[in-house]
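The structure under discussion appears below in the form of structure tokens.
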Amino acid sequence: MKRLHHNRWCLMLVALLLGSGGVSRTQQVQICTEDSFTPNYISQLPALLRWRSLPIKVYFVRDDHYTARRQQLAVEGFNKWVHITNKRLQFSLVESEREAQLLVRFDPSTRAGRTEYTYYPERREIVRAEMVVGVQGDSAVDIQSVAIHEFGHALGITGHSDEPNDVMYPRYKVGTLVSITARDLNTVKTAYCELFDGGKPVPLPERTRGLPSSRDEPRKGRIVCDEPQSAH
Ligand SMILES: [Zn+2]
């Protein structure tokens, strides 16, 4: 039943060459299917999205709930994804909201997090996202756990895993730092197929070049995650 609304998909990704040398004759796309990197939980997700370019520009909104400590803990959480992907997925901090692609705020009224994103459904590309990290209790471990989980959403995992050990399980345990599993990693690797060995190289189709087609209108999505389980 889980697969009822799940369209078997294959992700076509343009392997943009670094530099601005134009279209090279060696330019290819890789196609990843949900079987390219296993185990994963792609079949449980409404969609698997990606950013068109990296690093993702991140701005921490300086409102009443901002503190340098909270930012540091969130950054440490985000960096877990950077390290586990051998820096193939990266973010950079920017100093103004205007430059940012991903805005981060803190919310002391909850221990949960939430992420909203604007995306092109046809191209499966995120263009902007906003994240709220619940900081109720101000526990270093819990803030990091929320940040790791929400950054998984921000990278393009638009749903949750049903396996409690995965970072993308909707509910973490208070006082226990979550860790990214092979299933989490494989799911993200599939979205960013061209950055990892494992997809099938094929010639670049003309229709994937250029800007999104006019009928590929941006849409908004929102993921609200659960409050954690208390430690006993
Ligand atoms: Zn979540």
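Values quoted throughout were computed directly from the atomic coordinates according to the rules given, and no laboratory measurement underlies them. This one's a predicted model, so the numbers in the text were calculated from it and none came from an experiment. Cβ: placed from backbone, ideal geometry, glycine included. Neighbour counts: every protein chain shown.
Run the quick spin-label model on Glu122 and Ser53: label points 7 Å from Cα toward the beta carbon, then report their separation in nm to one decimal.
So the label points at Glu122 and Ser53 sit 2.2 nm apart.
Over the residues of segment 129-192, compute the C-alpha Rg and express it relative to 2.2 N^0.38 Å.
In units of the 2.2 N^0.38 Å rule of thumb, it is 1.07.
For segment 58-104, what value does the Rg/Rh ratio take when both radii are computed over Cα atoms and Rh is the Kirkwood radius, given to two decimals?
1.00
Under a point spin-label approximation (7 Å from Cα along Cα-to-Cβ), what is the Lys220-Asn165 distance to one decimal in nm?
Rounded to a tenth, the inter-label distance reads 3.8 nm.
For segment 36-132, run through the chymotrypsin sites (Phe, Trp or Tyr not before Pro) and keep only the ones in DSSP coil with at most 15 other Cβ atoms within 10 Å of their Cβ.
Of the chymotrypsin sites (Phe, Trp or Tyr not before Pro), the ones in loops of segment 36-132 whose Cβ has at most 15 other Cβ atoms within 10 Å are Tyr66.
Quick check on my link table: of Lys80/Lys173; Lys57/Lys87; Lys189/Lys220; Lys57/Lys220, which ones sit more than 21 Å apart, alpha carbon to alpha carbon?
Long pairs (Cα-Cα over 21 Å): Lys189/Lys220.
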